[in-house]
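Visitor: Here it is: the structure, laid out below.
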C-alpha cells in the first residue's frame with residue numbers, strides 16, 4: 001500500500017496510483033534541487049463546464065499554512081487551500097490513451113457560480129428545475145446539440161432566470177473559442193430556442209471564449 005506521512009490514505013485530498021506516483025517520482029528526480037520540490041496540484045479554473053488543472057513542481061516550503069501538504073512515499077504533494085474542496089476525493093492516475101499522460105479523476109463538478117461567474121446570485125439560486133429551464137434543456141438536447149455535434153460543439157444551459165425568461169448558455173467543444181460561435185448562437189441556437197420556447201426574452205452566451213482550441217477573445 002502507498003505509505004503516507006501526516007495523513008492516512010483515507011484523509012488525503014488527492015490520492016496517487018502507484019503508476020502515477022512512480023512517473024512523478026522519476027520526473028522529480030531529474031529536477032535541480034529535487035529534494036526541495038513537491039508536486040503541486042490545483043484547480044486553475046473551469047473550461048467547458050469541467051475543472052481544469054495545473055500540475056507542477058515547486059518548493060514545498062512555498063506552501064502557506066492553509067495549504068494541505070503530505071508525502072506519498074517519496075513524493076511530497078501540495079494542494080493550495082483554494083483548491084482543496086474542489087479536489088477532495090480525487091485520484092491522479094496514468095492514462096495510456098493517445099500519447100498517454102497524467103489524468104485527474106475528480107468526483108466533484110463545478111458549481112453554477114464557477115461555470116458562469118459573475119451571474120447574479122438570485123439567478124443562480126433559481127437553479128435549473130423550473131418549467132422554462134426544463135423546456136430549454138429539452139430543446140437543446142433534442143434539436144440543438146445534435147445539429148452542432150458535427151463539428152464537436154455543444155450548448156448547455158447553465159442558468160435560467162424564470163422570472164425574466166432569460167437563458168444563460170455555455171458553449172463547449174468546437175463552439176468554444178470558435179470565431180463562428182456568435183453566428184452559431186444567433187442564427188442557429190437562438191432561432192431554434194425562440195421558435196420552440198417563444199416566451200424567452202433574451203439568450204445570453206456566458207462562455208469563456210478566451211479558452212478552447214481556437215480562442216478569439218484575448219485577455
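The values are calculated or read from the model by the stated rules, or taken from the named source; none is laboratory data. Here the structure is a predicted model, which means the values were calculated and not measured. Methodologically, a virtual Cβ is constructed for each residue, glycine included, from the backbone with ideal geometry; neighbour enumeration extends over all protein chains shown.
Visitor: Across the range 149-166, which residue is farthest from residue 207 (Cα to Cα) among those that are modelled with pLDDT of 70 or more and over 21 Å from the mean Cα position of the chain (by Cα)?
Guide: Going through the range 149-166, the residues modelled with pLDDT of 70 or more turn out to be 149, 153-166.
Remaining after also requiring over 21 Å from the mean Cα position of the chain (by Cα): 161-166.
Details: 161: 17, 162: 20, 163: 22, 164: 20, 165: 19, 166: 15 Å.
The selected residue is 163.
Visitor: Please verify whether the range 47-58 includes one or more residues that are outside any strand (DSSP E or B) and under 20 Å from residue 89 (Cβ atoms).
Guide: Going residue by residue through the range 47-58, those that are outside any strand (DSSP E or B) are 48-49.
Cutting the leftovers down to under 20 Å from residue 89 (Cβ atoms) gives us 49.
Yes.
Visitor: So how many residues does the range 111-131 have that are modelled with pLDDT of 75 or more, assigned to a helix (DSSP H, G or I) and farther than 14 Å from residue 204 by Cβ?
Guide: Residues flagged as modelled with pLDDT of 75 or more, assigned to a helix (DSSP H, G or I) and farther than 14 Å from residue 204 by Cβ within the range 111-131 amount to 3.
Visitor: Please work out if residue 174 is modelled with pLDDT under 65 and not assigned by TED's automatic domain parsing to the domain that holds residue 24.
Guide: Numbers: modelled with pLDDT under 65: yes; not assigned by TED's automatic domain parsing to the domain that holds residue 24: yes.
Spelling it out, residue 174 is indeed modelled with pLDDT under 65 and not assigned by TED's automatic domain parsing to the domain that holds residue 24.
Visitor: Within the range 13-26, does at least one residue satisfy the condition of being more than 20 Å from residue 101 (Cβ to Cβ) and modelled with pLDDT of 90 or more? I'd like the intermediate steps shown before the answer.
Guide: The first filter runs over the range 13-26 and keeps only residues more than 20 Å from residue 101 (Cβ to Cβ), leaving 13.
After this cut, where a residue has to be modelled with pLDDT of 90 or more as well, the list is 13.
The answer is yes, given that some residue of the range 13-26 is more than 20 Å from residue 101 (Cβ to Cβ) and modelled with pLDDT of 90 or more.
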